[in-house]
Amino acid sequence: MVFSVSGRVLALPADAVRRVLPLPRLDSPPAAPPVVAGLFRHRDRTVPVLRFDILLGFEPAPAALYAPLLLIEREGRPLALLVDRVFDIVPVPASALLEADAALSFNGCAVGAFPFGAGNATLLDPERLLTETEGRLLAAFQALADERAARWQATDSEDAAEPAP
């Protein structure tokens, strides 16, 4: 799946992207680091939205009104990546892969490139987007948000079960 972030053309394996979603209203917990744009609920699960521009060290830019999210899974948990634009899903034979862009090699996440449009798209490995420590911190943050949402749902259920006075 080919997309853009801060003017750079990037790609993820299409089978790693579960869905492309429109940007919903995000909840912004006060303890969220700058890379976390916010949280939203999708299919009864809390999904953190990561600013892909900040994650990859690009110049931060405000999200466009209709910015898409790439919904992926990391270690069994949903995760959304905020991108500027989704271009296409293109088949790329292994023989067409070029050397990775060294500027995107943080944690070895850039695994190759391939011709796309007038230039190249950099192929990223979704498993390498976060360091192990970042993954643990994000999972803990997400678990806390799930726990908080569960408390609110329990309160809503209790209120609904009580007869009206």
First in region 118-144 and assigned to a helix (DSSP H, G or I), second anywhere and open to solvent by 30 Å² or more (accessible area, probe 1.4 Å) and β-branched (Val, Ile, Thr), Cβ under 8 Å, 6 or more apart: 128/111
Checking residue 80 against (1) in a loop (DSSP other than H, G, I, E, B); (2) touching a residue at least 40 places away in the same chain (Cβ under 8 Å); (3) surrounded by 13 or more Cβ atoms within 10 Å (Cβ to Cβ), the condition it does not meet: (1)
Sole residue being of a type outside the set (Asp, Glu), open to solvent by less than 60 Å² (accessible area, probe 1.4 Å) and modelled with pLDDT of 85 or more, chosen from 112, 57, 108, 117: 112
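Inspect all residues belonging to region 50-61 and state whether any of them is closer than 20 Å to residue 125 by Cβ, part of a strand (DSSP E or B) and within 13 Å of the chain's Cα centre (by Cα).
Yes: one or more hits.
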Qualifying residue in region 134-151 (condition: of a type in the set (Asp, Glu), surrounded by 10 or more Cβ atoms within 10 Å (Cβ to Cβ), under 25 Å from residue 13 (Cβ atoms) and modelled with pLDDT of 80 or more): yes
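The values are calculated or read from the model by the stated rules, or taken from the named source; none is laboratory data. Keep in mind that this is a model prediction, so the values were computed, not measured. With ideal geometry, Cβ positions are generated from the backbone for all residues, glycine too; neighbour counts draw on all protein chains shown. Keep in mind that these areas ignore ligands, DNA and RNA; they rest on the heavy atoms of the full protein, side chains included. Shrake-Rupley method; radii C 1.70, N 1.55, O 1.52, S 1.80 Å.
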